[in-house]
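Input: a single structure, listed below in structure tokens.
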Amino acid sequence: MYAVQRVGAVLVALFLLVFALLGFASGQEFLSTPGEPVLGMSSNGLLSTLSVVVALVLLAAAAHGPRTASSVMLVLGPLFLLSAGVHAIVIGTRLNWLAFSFSNVIFSVIVGLLLLLLGAYGRIGGHLPPDSPYAHPSADADYADELPGTAEEAAAEDAMREAEVAVVQHTASAAQYARVHAMAQLHTRAERRRVWMELEAADERRARQDGGSTDPAVPLPHPRGGRRLPWHRIGTGRL
């Protein structure tokens, strides 16, 4: 899949470069509307220059990566089709600045459809295979971005998991309960980790100022507390 997109972008770019170089070699004028014949089409200096620019963009995209090449082709494809439609109207007029002939229009349509096909290959569809690199690109990227990147972040995640387990088991300290409650208001892993580290740093600063512990191990009341033991009942005569 990646090879098809990369090779396709390179082949289209090479053809455009050959077309442009032959156009320059023909001694064409830059803004000649009749143009000079090149490879069965018509061209002038402006069209040759644009062909070189598009070819370089495709080559740079292919060198950067297949995903970039795919995205660039999905943009250039409609532009070629739009150019074909516009120049089919202005052929034979003063507005035909790129010296288009009917063969140029056909070529633009073919190249536009080819770029769209190559750019969408394996990427756009309702039933992408599970092993397709485009099946779930955003989810994978977001997950990778949220992974801890430093030892401090990894330690914070370990502490976060311990605190969450302690809250579930009703053995959490006041500090752990406060931090887990603050994290519950957020949605992403990176945000929860950031809040945990900020609260942890604030508790450490407060402890240094007060000379006390940063995480007093005082278990919180059971959320279903309030049960009265037998000797608390009225009328037993016991305290």
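The values are calculated or read from the model by the stated rules, or taken from the named source; none is laboratory data. Computed from a predicted structure; not experimentally measured. All Cβ positions, glycine included, derive from the backbone under ideal geometry; neighbour counts span all protein chains shown. Note: accessible area is taken over every heavy atom of the protein model, side chains too, but ligands, DNA and RNA are not part of it. Shrake-Rupley method; radii C 1.70, N 1.55, O 1.52, S 1.80 Å.
Numbers below:
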| read-out | value |
| --- | --- |
| Residue within region 122-139 that is outside any loop (DSSP other than H, G, I, E, B), open to solvent by 60 Å² or more (accessible area, probe 1.4 Å) and either among the aromatic types (Phe, Trp, Tyr) or at pLDDT 85 or above (or both) present | no |
| Complete set of residues in region 92-109 that are aliphatic (A, V, I, L, M), modelled with pLDDT under 90 and open to solvent by 40 Å² or more (accessible area, probe 1.4 Å) | Leu95 |
| Some residue of region 26-42 being open to solvent by less than 30 Å² (accessible area, probe 1.4 Å), among the aliphatic types (A, V, I, L, M), without any contact (Cβ under 8 Å) to a residue 60 or more places away in the chain and not in a helix (DSSP H, G or I) | yes |
| Condition check for Val57: within 29 Å of the chain's Cα centre (by Cα), surrounded by fewer than 19 Cβ atoms within 10 Å (Cβ to Cβ) and closer than 26 Å to Thr33 by Cα | yes |
| Of all residues making up region 196-221, the number that are modelled with pLDDT under 65 and of a type in the set (Asp, Glu) | 1 |
| Condition check for Ser51: polar (S, T, N, Q) and in contact with a strand residue (DSSP E or B) (Cβ under 9 Å, 6 or more places away or on another chain) | yes |
| Only listed residue being under 15 Å from Trp97 (Cβ atoms) and open to solvent by less than 30 Å² (accessible area, probe 1.4 Å), chosen from Gly65, Gly45 | Gly45 |
